[in-house]
Amino acid sequence: MTRLQPIYDIAPLCAEHGLTEVILCPGSRCAPLTVAFARHPAITTRTISDERSAAFIALGIAQQKQQPTILVCTSGSAAYNFAPAVAEAFYQEVPLLIFTADRPKEWIDQWDGQTIQQNGLFGTHVKKSFTLPEDYEHSDSVWYIQRVINEAIHLSRSFPQGPVHINVPLREPLYPAKGEQINYSTPHVITEKETIPALSPVEKEEIVSSLKKYTKVLIVAGHQEYNDGLHKVADRFSKKFHAPIIGDVISNFHGLENTIRYSELIVGKGNASILSSLQPELLITFGKSVISKSLKLYLRKHKAIEHWHIQPASRVPDPFQSVSKIIRTTPRQFFDELATDKLESGFASQKKGNYYSLWQAEEHRVQRLHENFFKQVDFHELGVIQQLMHALPMRCSLHLSNSMAVRYANLIGLTAQQKGVHVFANRGTSGIDGCTSTAVGNALVSDIPTILITGDMAFFYDRNAFWHNYPVPNLHVVVVNNHGGIIFGMIDGPSHLAEAEEYFITQQKLTAKNLADEFGFEFTLLDSGKKTKNALKDFFEFSSKTKILELHSDKKSAQEAYTQFNSQIKKGYDA
């Protein structure tokens, strides 16, 4: 057995657990880990030079594969560059297994190169941080390393999924001798059977009893991955108890015909009488965050008598300031146990049906106003994105960058016929820093089209997403380039400041064409309404290259269109 055998054996142990996707960042201190993963026949490795981008690419892979992605870097500040993606993975509940190579502890704080304090580097933004032993002569060290890897993998997968950090101090020499073969030992695998908490008969009876006494039951689905099985049982529950389901674009609930997609506009533009009528008596929530600030403010002001949140374990945030009961099971289990084919009848059922119909009526009202607005032929960001979203392939991954892209998409919405469009967005921390890299990671391990809609600031900030050697022909990117963004011109506060243009909006003069030329991508400039139809047709023809469609806009017209859209919805309520 070689001195580094326990480190080499990490690779087969990960492979036995089904972890086969590894992102390696170049470096010397991490050489034993790099060699171990790169030479293992069951593992796919990719090397990404920019650690910040690498971590977001790993995040995108984990989102798509729904398995932990392994991430490896050298010692020093390299590991700190993982931090934005680690925080995003923590709040988005995406599993990552992060290996950071380190110096032995006696060389920490001794001015040795590429050396910082790496123990617990990511603080409370990982589920747990481990440090492996520095020497492996004793059998206890070998046992301990394998025990830690087993525990870390299970921890990354258990609810809520998330990142786990393993710090690996390594002594020189770090490289195998010339011609030395790497052999793997049979790893010790610890299995763990996940159990889903079920409702006891008593709990179920109490829940049904409570459901029957409320006539205004509202369901809000938060940010989550597409789950067809959950949709089916939630739909049955909704119909049985006449409970409307609100699902914004990142909830992935658009596949249900009766989902309330436009709650942002309904509660943001409706008059006091309508808002009072829509107030729930019982609010049921599951999933993570919602995009709509209007919905959050509405539910904080118009509080339900009871608010149940369904979640099998861990802490429960309270964005609506109203949680009164935590139900410890999965949403699918909850709806499945309570949704039967037998429907309620009688006066109580009729009253619940009236509440359900009221939400549906408001949804249809906004939908009509929506359609009237987009009949206009004016060329602006909102209109082009509306056409683009309606032209999406029936089966694709849609990535939405933060700031205006995700907000535009939420205002436009997806239809029930687009259930094959699965939506991804980095709404854990809602930063712009890795939106493109995350989409790249998704595209690297997916055979279906990956569409990214992004703003210019997010796109150029993350340009190193493309700085690698792996083709992503199924990735098509829409860059909304208004040379700085419009959000700071719309939100309260910065828009009226003299410093707004320079310090908040941050004007920039770049074009995506230069980047496309640099990386050999296909590029189309869309700068007039006359070009839209042909530009979108070309954009959705998938070939052998990444495509970039740059929508050339300006802040003034974009802001005017956004204002006109909201004004038209508001007029529809005031009429």
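Just add up the charged neighbours of residue 106: K/R +1, D/E -1, any other residue whose Cβ is under 14 Å from the Cβ of residue 106.
So the surrounding residues net to -3.
Determine the dipole magnitude for the range 5-169: charges of +1 sit on the beta-carbon of Lys and Arg, -1 on that of Asp and Glu, nothing else is charged, the reference point is the Cα centre, and the result goes in debye to the nearest 20.
It comes to approximately 440 debye.
Enumerate by residue number the chymotrypsin sites (Phe, Trp or Tyr not before Pro) in the range 227-320 meeting two conditions: DSSP loop (anything except H, G, I, E, B), and at most 10 other Cβ atoms within 10 Å of the site's Cβ.
Passing both the DSSP loop test and the Cβ count: no residue.
If you place +1 on the Cβ of every Lys and Arg and -1 on the Cβ of every Asp and Glu, how big does the dipole about the Cα centre of the range 184-266 come out, in debye to the nearest 20?
Dipole of the range 184-266, to the nearest 20 debye: 440 debye.
State the Cα centre-to-centre distance between the range 2-56 and the range 413-441 in whole Å.
For the range 2-56 versus the range 413-441, the Cα centre distance is 27 Å.
Based on alpha-carbon centroids, what's the gap between the range 199-254 and the range 103-125 in Å, whole number please?
Taking the Cα centre of the range 103-125 as reference, the centre of the range 199-254 is 47 Å away.
For residue 131, what residues show an amide H to amide H distance below 5 Å, using hydrogens built from the backbone and excluding near sequence neighbours?
167
Helix-derived [θ] at 222 nm for the chain: sum -39500 (n - 2.57) over DSSP H runs of at least 4, divide by residue count, nearest 500?
Rounded to the nearest 500, it is -11500 deg cm²/dmol.
Not counting the cut sites, what is the longest span of the chain without GluC sites (Glu not before Pro) that DSSP labels loop and that have at most 11 other Cβ atoms within 10 Å?
Longest stretch, sites excluded: 258-498.
Between 55, 201, 459, whose Cα lies farthest towards the positive end of the dipole of the chain when Lys and Arg beta carbons carry +1 and Asp and Glu beta carbons carry -1, centred on the Cα centre?
Most positive-ward Cα: 201.
Towards the positive end of the charge dipole of the chain, with charges on Cβ (+1 Lys, Arg; -1 Asp, Glu), say which of 234, 177, 97 has the farthest Cα.
Of the candidates, 234 comes out farthest on the positive side.
HN-Hα J couplings of the range 251-263 from phi, Karplus 6.51/-1.76/1.60, θ = phi - 60°, integer Hz, Gly and Pro as x?
Here the 3J(HN,Hα) series is 7, 6, 9, 5, x, 8, 4, 9, 4, 7, 8, 10, 4 Hz.
Going by amide H atoms built from the backbone, whose H comes under 5 Å of the H on residue 423, apart from near neighbours?
Under 5 Å from the amide H of residue 423 lie the amide H atoms of 226, 398, each far enough along the sequence or on another chain.
State to the nearest 20 debye the size of the charge dipole of the chain about its Cα centre, where the only charges are +1 on K and R beta carbons and -1 on D and E beta carbons.
Around 1820 debye, computed over the chain.
Can you give me the distance in nm between label points at residue 372 and residue 415, each placed 7 Å from the Cα along the Cα-to-Cβ direction?
About 2.1 nm separates the two model spin labels.
Amide H to amide H under 5 Å from residue 246: which residues, 5+ apart in sequence or cross-chain, H placed 1.01 Å off N in plane?
Amide H neighbours of residue 246, under 5 Å, 5+ apart: 219, 220, 221, 260.
Could you tell me which of the pairs 288/547; 301/375; 212/296; 375/556; 509/547; 212/293 are separated by over 23 angstrom between their Cα atoms in the structure shown?
288/547; 301/375; 212/296; 212/293
Mind checking the range 375-420 for trypsin sites (Lys or Arg not before Pro) that DSSP puts in a loop (not H, G, I, E or B) and that have at most 10 other Cβ atoms within 10 Å?
375
Please tell me which of these pairs span more than 24 angstrom C-alpha to C-alpha: 204/352; 269/537; 240/351; 216/325?
269/537
For the range 509-567 and the range 143-186, write down the distance between their C-alpha centroids in whole Å.
Each part reduced to its Cα centre gives a spacing of 44 Å.
With label points built 7 Å along Cα→Cβ from the Cα atoms of residue 205 and residue 498, find their separation and express it in nm.
7.2
Here, each number is a calculation from the coordinates, and none is a lab measurement. All of these numbers come straight from a predicted model, not from anything done at the bench. Cβ coordinates were reconstructed from backbone atoms using ideal geometry, including for glycine residues, and neighbour counts include every protein chain displayed.
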